[in-house]
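A.B. asks: Dumping the structure here so I can ask a few things about it.
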Amino acid sequence: MSQLLQESAIDPSDLSSRIDDAAQRLERIVTRTPPQFSKRLSRRFGANVLLKREDLQEVRSFKIRGAYNRISSLTAADRERGVVCASAGNHAQGVAFACSHLGIRGTIFMPAITPTQKIERVKQFGADFVHISLVGDSYDDASLAAQQECEARQAVFVHPFDDLLTIAGQGTVGKEIFEELQGELQLVVVPIGGGGLASGIAAYVRHRDPTITVVGAEPSGSPSMYESLRQGRVVTLDQLDTFVDGAAVKTVGKLTFEICRTHLERVVLVPEGKVCTTVIELYQNEGIIAEPAGALAVAALEDLADQVRGKTVVCIVSGGNNDILRYPEIMERSLVYQGRKHYFIIEFTQKPGQLRQFVDQALGPTDDIVRFEYMKKTNKERGAALVGIELRDKADLEPLLERMQQIQLNCRRLASEELLYDYLI
C-alpha cells in the first residue's frame, strides 16, 4: 500500500472489496456492457482497441452505477430524509432512476445550461419522486445550491464523484473489464470530469494487476484533474469551457484526486474540436451515439498512438445522452478544428461586380460559401460582410488566402479564440 493512500485512509484492498460488494447490489440493476471491438480504430492505431459501451445502460451512461450503489446503501432513517444531488445531467438520471426504483424522494440541482434532452430524461426516470431545480452556469454552481438545500432540509447529499460508495459503483466498470480481459489487458483510457469513474476503474484494475496502465482523458477547456495532478494539490479552475458538459468540473474531488494521482499514469488533454470530430466519427463508422464526454477516451487515442501500438486497449464510452439540437454546433466545432471551415470579415466596394470577382477569382473549385452576411456599412462606398467558407481539405486554405491577396481584397480572417469570433459565430 502506498504512503499516500495510507495517509488518505483509502486502502486499495478495501476499495476493491467495496467494488465487489457494489457489483452484487447492481447485478440486476445495470447492464453488463460489452467491450466492443473496433476494427477501424484497431487498424488506425495498430492495436486491439475495444470500446466499453456504457452508453448502452438504461440511463445511457455509467452514472447509474455510482448513484444506485450510494442510494441503495442508505439506512431506513436516511431514506426518510430524502436525497439531494447536483449534476450536469447523467448523475441526475442515475439518481432519478434510483429514487423511483427505491421509492425515495429526491431533489436534483442541474446547471441552467444542461441540454434539454438530459433534463427531460431526468423527469422521465424520476417520475413523481424527483424535483428538478436549474441553477447557475456550471456543475459547481449547481453543487453549491444543492449543498445549501441539503443543509437546510437535513437531507442526504449524493455526491456524483467524491464519495467512496459512488466511486465503488463506478468501479464496477473496471471489474467487468478486468474479468472479461484478464491476462490480455494492457491499457485503459478513461474520461475524467470529477474523477469518480477514473478512480474506481484505476483502483480496481491496478490492485488486481499492477502492470495494467490507466490513462485519463480530460477536455482542454476544463483541465481540473490535469492541473491538480500537475500542481500536486486539488485546484479550482478560474475559467471553464462547459461545452463537454459531462466532464466540465472546476474542482475535482479530494478522494478522487488522491486515488488518481496514485493509480493514473497521466491525464491527456483533448481539444473540444477533437472531441466533436470523434463524436461524428463514432456515429458515422460504428453507429455509436456518444455525447462529448462519452467520446473523450477515444479522442485521446491520437495522443497515445505510440503507447497503444501492439496492445489491448479499452476506451470507456461513458455516455450517450446527446441532444440532437447540439449536432449543428458539434459539426461546426469539428470543421473548425480540422481546419476546413474559416470565417472572414471582407470589405467589399459598393459597386457592381465585386461579389462576382470574389466568387470567380478567389474561391477554388471545391471551396464553398456557407455563410454570407452583410454587416453595418461604414460609408456609402464600402460595406463589410461576414463570410464563412468551407474547404474540402485544410491544405486548401493557403491557396485561398493567396488568391484573395492577388485580387487585393481588404479582409481579415477571424481566429476561433477571438472574442469577436464567439460573438459573431
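A.B. asks: Counting just the residues of the range 383-425 that are touching a residue at least 12 places away in the same chain (Cβ under 8 Å) and in a loop (DSSP other than H, G, I, E, B), which one comes out surrounded by the fewest Cβ atoms within 10 Å (Cβ to Cβ)?
C.D. replies: ASP393
A.B. asks: Still on this structure, please answer the following. Considering only residues that are touching a Ser or Thr at 6+ places or on another chain (Cβ under 7 Å) and more than 10 Å from ALA22 (Cα to Cα), which ones fall in the range 156-175?
C.D. replies: Result: HIS159, PRO160, PHE161, ASP162.
A.B. asks: Taking GLY221 and the conditions (1) closer than 25 Å to ALA92 by Cβ; (2) touching an Asp or Glu at 6+ places or on another chain (Cβ under 7 Å); (3) buried (at least 23 other Cβ atoms within 10 Å of the Cβ), which numbered condition does it fall short on, given that it satisfies the others?
C.D. replies: (3)
A.B. asks: Could you list all residues from the range 264-277 that are in a helix (DSSP H, G or I) and either surrounded by fewer than 24 Cβ atoms within 10 Å (Cβ to Cβ) or of a type in the set (A, V, I, L, M) (or both)?
C.D. replies: Scanning the range 264-277 gives GLU272, GLY273, LYS274, VAL275, THR277.
A.B. asks: Could you grab me the full set of residues in the range 144-174 that are in a helix (DSSP H, G or I), touching a strand residue (DSSP E or B) at 6+ places or on another chain (Cβ under 7 Å) and of a type in the set (A, V, I, L, M, F, W, C)?
C.D. replies: Across the range 144-174, the qualifying residues are ALA145, ALA146, CYS150, VAL173.
A.B. asks: Same structure again: Every residue in the range 202-226 that is aliphatic (A, V, I, L, M), part of a helix (DSSP H, G or I) and either over 23 Å from VAL279 (Cα atoms) or free of Cβ contacts under 8 Å to residues at least 24 places away in the same chain (or both), please.
C.D. replies: ALA202, ALA203, VAL205
A.B. asks: Can you find a residue that is in contact with a helix residue (DSSP H, G or I) (Cβ under 6 Å, 6 or more places away or on another chain) and without any contact (Cβ under 8 Å) to a residue 40 or more places away in the chain anywhere in the range 348-358?
C.D. replies: Yes, that holds for at least one residue.
A.B. asks: Return the residues of the range 87-106 that are surrounded by fewer than 20 Cβ atoms within 10 Å (Cβ to Cβ) and in contact with a Gly (Cβ under 8 Å, 6 or more places away or on another chain); say none if nothing qualifies.
C.D. replies: Scanning the range 87-106 gives SER100, ARG105.
A.B. asks: Among the residues of the range 348-361, is there at least one that is surrounded by 14 or more Cβ atoms within 10 Å (Cβ to Cβ), outside any helix (DSSP H, G or I) and at pLDDT 80 or above?
C.D. replies: yes
A.B. asks: Can you report the number of residues in the range 58-86 which are crowded, with 23+ Cβ neighbours inside 10 Å and in contact with a Gly (Cβ under 9 Å, 6 or more places away or on another chain)?
C.D. replies: The total comes to 16.
A.B. asks: Between a first residue in the range 161-189 that is under 17 Å from TYR68 (Cα atoms) and a second residue that is of a type in the set (Ser, Thr, Tyr) and surrounded by fewer than 20 Cβ atoms within 10 Å (Cβ to Cβ), which pairs have beta carbons less than 7 Å apart while being 6 or more apart in sequence or on different chains?
C.D. replies: Qualifying pairs under 7 Å: LEU165/SER73.
A.B. asks: Taking the criterion of being in contact with a Cys (Cβ under 8 Å, 6 or more places away or on another chain) and more than 18 Å from PRO34 (Cβ to Cβ), would at least one residue in the range 175-192 satisfy it?
C.D. replies: yes
A.B. asks: Are any residues in the range 305-334 out of contact with any Cys (no Cβ under 9 Å at 6 or more places or on another chain), part of a helix (DSSP H, G or I) and surrounded by 22 or more Cβ atoms within 10 Å (Cβ to Cβ), and if so, which ones?
C.D. replies: VAL308
A.B. asks: From the list GLN307, GLN284, which residue is under 22 Å from THR33 (Cβ atoms) and modelled with pLDDT of 95 or more?
C.D. replies: Unique residue meeting the criteria: GLN284.
A.B. asks: Still on this structure, I have one more. Name, by its number, the condition in (1) in a helix (DSSP H, G or I); (2) closer than 20 Å to ALA86 by Cβ that does not hold for VAL249.
C.D. replies: Exception for VAL249: condition (1).
A.B. asks: A further question follows. How about the range 78-117: which of its residues are in contact with a Cys (Cβ under 8 Å, 6 or more places away or on another chain) and among the aliphatic types (A, V, I, L, M)?
C.D. replies: Result: VAL83, VAL84, ALA92, VAL95, ILE108.
A.B. asks: Going by the conditions given, is ASP163 modelled with pLDDT under 95 and farther than 24 Å from LEU51 by Cβ?
C.D. replies: Details: modelled with pLDDT under 95: no; farther than 24 Å from LEU51 by Cβ: yes.
Criteria not met by ASP163.
A.B. asks: Does the range 5-30 hold any residues that are surrounded by 14 or more Cβ atoms within 10 Å (Cβ to Cβ) and either over 19 Å from SER73 (Cβ atoms) or in contact with a strand residue (DSSP E or B) (Cβ under 9 Å, 6 or more places away or on another chain) (or both), and which are they?
C.D. replies: LEU5, SER8, PRO12
A.B. asks: Would you check if there is a residue in the range 72-82 being within 19 Å of VAL244 (Cα to Cα) and touching a helix residue (DSSP H, G or I) at 6+ places or on another chain (Cβ under 8 Å)? Step through it out loud before you land on a result.
C.D. replies: Step one: list which residues in the range 72-82 are within 19 Å of VAL244 (Cα to Cα), which gives none.
No, every residue in the range 72-82 fails to be within 19 Å of VAL244 (Cα to Cα) and touching a helix residue (DSSP H, G or I) at 6+ places or on another chain (Cβ under 8 Å).
A.B. asks: Further question: Might you check whether a residue that is assigned to a loop (DSSP other than H, G, I, E, B), closer than 22 Å to ASP162 by Cα and in contact with a Gly (Cβ under 8 Å, 6 or more places away or on another chain) occurs anywhere in the range 23-32?
C.D. replies: yes
A.B. asks: Moving to a separate point now. Just checking, does the range 232-245 include any residue being part of a helix (DSSP H, G or I), more than 25 Å from SER416 (Cβ to Cβ) and of a type outside the set (S, T, N, Q)?
C.D. replies: no
A.B. asks: Limited to the range 136-192, what total is found for residues that are small (Gly, Ala, Ser), farther than 18 Å from GLN93 by Cβ and either surrounded by 19 or more Cβ atoms within 10 Å (Cβ to Cβ) or in contact with a Gly (Cβ under 9 Å, 6 or more places away or on another chain) (or both)?
C.D. replies: 6
The values are calculated or read from the model by the stated rules, or taken from the named source; none is laboratory data. This one's a predicted model, so the numbers in the text were calculated from it and none came from an experiment. As a convention, Cβ positions derive from the backbone with ideal geometry for all residues, glycine included, and neighbour counts pool all protein chains shown.
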